[in-house]
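Q: Quick one: the structure is below, questions incoming.
The values are calculated or read from the model by the stated rules, or taken from the named source; none is laboratory data. This is a predicted model, so every value here is computed, not measured. Positions of Cβ are generated from backbone atoms using ideal geometry, with glycine treated the same way; all protein chains shown enter the neighbour counts.
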Amino acid sequence: MAGFLFDNMVFGPVFSRRLGVSLGVNLLPLDNKYCNFNCVYCECGWTDNKQGKMILAKRENLKQQLAEKLKEIQGTVNEPDAITFAGNGEPTIHPQFAGIIDDTIELRDKYAPNAAISILSNATMLDRPKVAEALRKVDKNIQKLIRG
Ligand code: SF4
């Protein structure tokens, strides 16, 4: 199934019924979906984790891009209600997920203090202590227990 992929690490903001004005963060490859599930309804399409080398968001680049975007929309109608980890697959499989959450909290506090840090996750990495600890710092922790 062909799917839709986000072509940037930081995308939107978009309006979400659940989250309001939501600035998206994609930690996964820009040219391929990367997930440990393969849900038939996935909007990113079919999972094929063997397709070449997966290039994930680099922590420092992401921090810079997120800071620039938050500064750009600060004080405008696009100031976010949420900074949401979603994108081209499962965000918690990024090896630097915990550090990236810390960076995001720092930037949120500085540029968008009213934004809730949110995540859409498939809950498969909850047994990893570092991931679980990072998720406890997230304001809207949307874990879907699903089976592909
Ligand atoms: S868990 Fe999410 S990203 Fe992964 S296949 Fe299912 S819907 Fe797609």
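Q: Determine, yes or no, whether A86 is out of contact with any strand residue (DSSP E or B) (no Cβ under 7 Å at 6 or more places or on another chain) and either within 18 Å of A116 (Cα to Cα) or of a type in the set (A, V, I, L, M, F, W, C) (or both). Please lay out each step first, then the result.
A: Working: out of contact with any strand residue (DSSP E or B) (no Cβ under 7 Å at 6 or more places or on another chain): no; either within 18 Å of A116 (Cα to Cα) or of a type in the set (A, V, I, L, M, F, W, C) (or both): yes.
It is false that A86 is out of contact with any strand residue (DSSP E or B) (no Cβ under 7 Å at 6 or more places or on another chain) and either within 18 Å of A116 (Cα to Cα) or of a type in the set (A, V, I, L, M, F, W, C) (or both).
Q: Taking only pairs six or more apart or across chains, which ones have beta-carbon atoms under 6 Å, a first residue in the range 88-108 that is free of Cβ contacts under 8 Å to residues at least 40 places away in the same chain, and a second residue that is of a type in the set (A, V, I, L, M, F, W, C) and in a helix (DSSP H, G or I)?
A: Taking only residues 6 or more apart or on different chains, the pairs are A98/A134; I101/A134.
Q: Shifting gears a bit: Six or more apart or on different chains, Cβ under 6 Å: which pairs go from a residue in the range 16-44 that's of a type in the set (F, W, Y) to one that's surrounded by 15 or more Cβ atoms within 10 Å (Cβ to Cβ)? Could you list them?
A: As it stands, the answer is Y34/L28; Y34/M54; Y34/G89; F37/N122, since those pairs meet every condition given.
Q: Could you list all residues from the range 1-56 that are touching a Cys at 6+ places or on another chain (Cβ under 7 Å) and closer than 19 Å to I93 by Cβ?
A: Restricting attention to the range 1-56, the residues satisfying the condition of being touching a Cys at 6+ places or on another chain (Cβ under 7 Å) are 3-5, 33, 47.
Residues satisfying the conditions are G3, L5, K33, T47.
Q: Moving to a separate point now. Within 13 Å of the ligand (Cβ to nearest atom) and over 22 Å from S22 (Cα atoms): which single residue out of T124, T92 fits that description? Walk me through how you get there before you give the answer.
A: On the way: T92 fails: over 22 Å from S22 (Cα atoms).
After applying the criteria, what remains is T124.
Q: If you don't mind, another one. Taking the range 45-63 only, how many residues are at pLDDT 95 or above and either exposed (fewer than 15 other Cβ atoms within 10 Å of the Cβ) or touching a Ser or Thr at 6+ places or on another chain (Cβ under 6 Å) (or both)?
A: Qualifying residue count for the region: 3.
Q: Applying the selection to the range 68-89, what residues are out of contact with any Lys or Arg (no Cβ under 8 Å at 6 or more places or on another chain), among the small types (G, A, S) and away from the ligand (no atom under 16 Å from the Cβ)?
A: If the condition is that a residue be out of contact with any Lys or Arg (no Cβ under 8 Å at 6 or more places or on another chain), among the small types (G, A, S) and away from the ligand (no atom under 16 Å from the Cβ), then G75 is the only one that fits.
Q: Select from the range 1-44 the residues that are in contact with a Ser or Thr (Cβ under 8 Å, 6 or more places away or on another chain) and among the acidic types (D, E) and list them in ascending order.
A: Hits for the range 1-44: nothing passes.
Q: Please go through the range 114-130 and pick out each residue that is of a type in the set (A, V, I, L, M) and either closer than 30 Å to T76 by Cβ or surrounded by fewer than 20 Cβ atoms within 10 Å (Cβ to Cβ) (or both). Before the answer, list the steps.
A: Just the residues of the range 114-130 that are of a type in the set (A, V, I, L, M), to begin with: 115-117, 119-120, 123, 125-126.
Within the range 114-130, A115, A116, I117, I119, L120, A123, L126 qualify.
Q: Does at least one position in the range 78-85 carry a residue that is surrounded by 13 or more Cβ atoms within 10 Å (Cβ to Cβ) and more than 18 Å from S22 (Cβ to Cβ)? Steps first, please.
A: Restricting attention to the range 78-85, the residues satisfying the condition of being surrounded by 13 or more Cβ atoms within 10 Å (Cβ to Cβ) are 78-85.
When the remaining residues are screened for being more than 18 Å from S22 (Cβ to Cβ), the result is none.
No, because not a single residue in the range 78-85 is surrounded by 13 or more Cβ atoms within 10 Å (Cβ to Cβ) and more than 18 Å from S22 (Cβ to Cβ).
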